[in-house]
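A short worksheet on the structure shown next.
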Amino acid sequence: MSAVRELLARYLRQRRELGEDSLFLETLTRGEALALAAGRRGAAVPDAARAAAATPGTAPAPAAPASALERVRAGALACTRCRLHASRRTVVFGEGPASAEVVVVGEAPGAEEDRSGRPFVGPAGKLLDRLLASAGFPRERVYICNVLKCRPPGNRDPQPDEIASCAPFLEQQIELIAPRALLAVGAFAAQTLVGETHGITTLRGRVHRRGSIPVVVTYHPAYLLRSPERVRAAWQDFQLLRQVVDGEA
């Protein structure tokens, strides 16, 4: 096995031992990635792989935000702060990389999310995925969560005390990830993040701020499934999100 392939194999083993199943070689061209996989001379090697090889037998430490998020997750899984813990199946904490440029915030888990433990699954989740992709944000590259981490019975609206009980978890997620932008999906998420009581039609179409982080507001994909005539407007919101992340809005 060539030196390059040995180096890459060691790096991948270390990342797997840390629980990482995916690796993004963002700085490589397609040709460089193929050359690296084939072990050809002159192929680029990820900086992290070089660092790992510099200290044989020592795996790099996990990123601080990722480990801190896991501690917050553990707290959420054991949470009994509000009445929702009595009826939930699972706590839907959130998913995505701790280094995400965008954090998507919905209002609360639905029935499918409560079963799976994942945010935005089912038809609404698939529509969200398509809208994110239309703006150049693959789902696996964004962090997705909800204001509430537990499903309200019958998918009723979140209650003020429930939002207040869950707020510390959301605050910590945003603080630790420190995204370039927040996407508020639906009225409750928008009102929570923006701190206004206006409806979604009034809030969308412009950039708000939560502290130093810009916030873009859009319709909830479940609403879009019932009102497909609004999909074009939602698409425009996602393009605005792209502009915000790129520093153009």
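Looking at region 174-192, which of its residues are over 23 Å from Leu127 (Cβ atoms) and buried (at least 23 other Cβ atoms within 10 Å of the Cβ)?
Ile177 - this is the single residue of region 174-192 that is over 23 Å from Leu127 (Cβ atoms) and buried (at least 23 other Cβ atoms within 10 Å of the Cβ).
Out of curiosity, is Ile144 crowded, with 20+ Cβ neighbours inside 10 Å, farther than 30 Å from Arg71 by Cβ and of a type in the set (Val, Ile, Thr)? Break it down into steps so the answer makes sense when it comes.
Numbers: crowded, with 20+ Cβ neighbours inside 10 Å: yes; farther than 30 Å from Arg71 by Cβ: no; of a type in the set (Val, Ile, Thr): yes.
For Ile144, the condition - crowded, with 20+ Cβ neighbours inside 10 Å, farther than 30 Å from Arg71 by Cβ and of a type in the set (Val, Ile, Thr) - is not met.
Looking at Phe188, Phe169, can you tell me which residue is more than 16 Å from the chain's Cα centre (by Cα) and among the aromatic types (Phe, Trp, Tyr)? Show your work before the answer.
Details: Phe169 fails: more than 16 Å from the chain's Cα centre (by Cα).
On inspection, the qualifying residue turns out to be Phe188.
Which pairs turn up if I take residues in region 222-234 that are touching a residue at least 60 places away in the same chain (Cβ under 8 Å) and look for partners that are surrounded by 12 or more Cβ atoms within 10 Å (Cβ to Cβ) and part of a loop (DSSP other than H, G, I, E, B) with beta carbon separation below 7 Å, at least 6 apart in sequence or on another chain?
Ala234/Tyr219
Take the residues in region 97-111 that are outside any strand (DSSP E or B) and touching a Pro at 6+ places or on another chain (Cβ under 9 Å); name whichever of them is surrounded by the most Cβ atoms within 10 Å (Cβ to Cβ). Step through it out loud before you land on a result.
Taking region 97-111 as the starting set, the residues that turn out to be outside any strand (DSSP E or B) are 97-101, 107-111.
Checking the rest, the ones that are also touching a Pro at 6+ places or on another chain (Cβ under 9 Å) come to 98-101, 107-109.
Working: Ala98: 18, Ser99: 14, Ala100: 19, Glu101: 18, Glu107: 24, Ala108: 26, Pro109: 30.
Restricting to residues being outside any strand (DSSP E or B) and touching a Pro at 6+ places or on another chain (Cβ under 9 Å), the top hit is Pro109.
Any read-out appearing in this document is the output of simple, stated calculations on the displayed coordinates, not a laboratory observation. All values reported here derive from a predicted model rather than from experimental measurement. In this analysis, Cβ positions are derived from the backbone assuming ideal geometry, glycine residues included, and neighbour counts consider all displayed protein chains.
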